[in-house]
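The values are calculated or read from the model by the stated rules, or taken from the named source; none is laboratory data. Bear in mind that the values here come from a model prediction, so they are computed numbers and not experimental data. Glycine also receives a Cβ, built like all others from the backbone with ideal geometry; neighbour counts cover every protein chain displayed. With ligands, DNA and RNA removed, areas are computed over all heavy atoms of the protein, side chains included. Shrake-Rupley method; radii C 1.70, N 1.55, O 1.52, S 1.80 Å.
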Amino acid sequence: DHFNLKISWFTDKKAAFCIIVGIVVWKCCGYYAMFFLSALQGISEEILEAASLDGATGMRQFFCIKLPLMLPSISSVTALAAGLALGIYTEPYLLTSGGPSGATTSWILLLLILDLDMELQWRFYMQ
């Protein structure tokens, strides 16, 4: 409540989810950018020069030459990002513990919560 601003970042479902997504994207953005940078640097200057001689302009070179040559890197980044999205645990747990109302609960966090709940029940019944 600084400067008379009431920001409900972690109490509003949409805001909490967007913050988690933003943090994860920011965390991984540089890592994935290195994949794309290395793919772009791996494109031979001779190929681009030949495309220029054939009359390909900047956009045409990008969509017809650079993008197809970057497809292996794009597919690798897509697979890595999908794996990260399925395995996200740390950010929702540390920031919101899965709240508000389960809006930021990932499936791994849910499994951990259910496992701990079952373990506590097991210990209670075994006493």
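Structural remarks
- Residues satisfying the stated conditions in the stretch 36-47, i.e. farther than 23 Å from Val24 by Cα, free of Cβ contacts under 8 Å to residues at least 12 places away in the same chain and open to solvent by 70 Å² or more (accessible area, probe 1.4 Å): Gln41, Glu45, Glu46
- Some residue of the stretch 118-127 being at pLDDT below 90, in contact with a Gly (Cβ under 7 Å, 6 or more places away or on another chain) and of a type in the set (Ser, Thr, Tyr): no
- Taking the criterion of being acidic (Asp, Glu) and closer than 18 Å to Gly83 by Cα, no residue of the stretch 22-71 qualifies.
- Only one entry of Ala33, Ala50 meets the criterion of being of a type in the set (A, V, I, L, M), without any contact (Cβ under 8 Å) to a residue 24 or more places away in the chain, more than 27 Å from Gly22 (Cβ to Cβ) and open to solvent by less than 70 Å² (accessible area, probe 1.4 Å), and that entry is Ala50.
- Matching entry among Thr11, Thr57 (being polar (S, T, N, Q) and in contact (Cβ under 8 Å) with a residue 60 or more places away in the chain): Thr11
- Count - residues of the stretch 20-30 that are open to solvent by 70 Å² or more (accessible area, probe 1.4 Å) and not β-branched (Val, Ile, Thr): 3
- Among (1) farther than 30 Å from Leu109 by Cβ; (2) exposed (fewer than 13 other Cβ atoms within 10 Å of the Cβ); (3) polar (S, T, N, Q), the one test that Ser73 misses: (2)
- Close Cβ contacts (under 8 Å, 6 or more residues apart or on different chains) running from residues in the stretch 86-99 that are closer than 13 Å to Trp9 by Cα and at pLDDT below 85 to residues that are part of a helix (DSSP H, G or I) and of a type outside the set (Ser, Thr, Tyr) comprise Gly99/Ala16.
- The set of residues in the stretch 76-114 being open to solvent by 50 Å² or more (accessible area, probe 1.4 Å), closer than 21 Å to Tyr32 by Cβ and either touching a Leu at 6+ places or on another chain (Cβ under 6 Å) or not in a helix (DSSP H, G or I) (or both) consists of Tyr89 alone.
- Residue within the stretch 21-41 that is in contact with a Pro (Cβ under 8 Å, 6 or more places away or on another chain), within 23 Å of Leu110 (Cβ to Cβ) and not hydroxyl-bearing (Ser, Thr, Tyr) present: no
- Just one of the numbered conditions (1) part of a loop (DSSP other than H, G, I, E, B); (2) modelled with pLDDT of 95 or more is not true of Leu37: (1).
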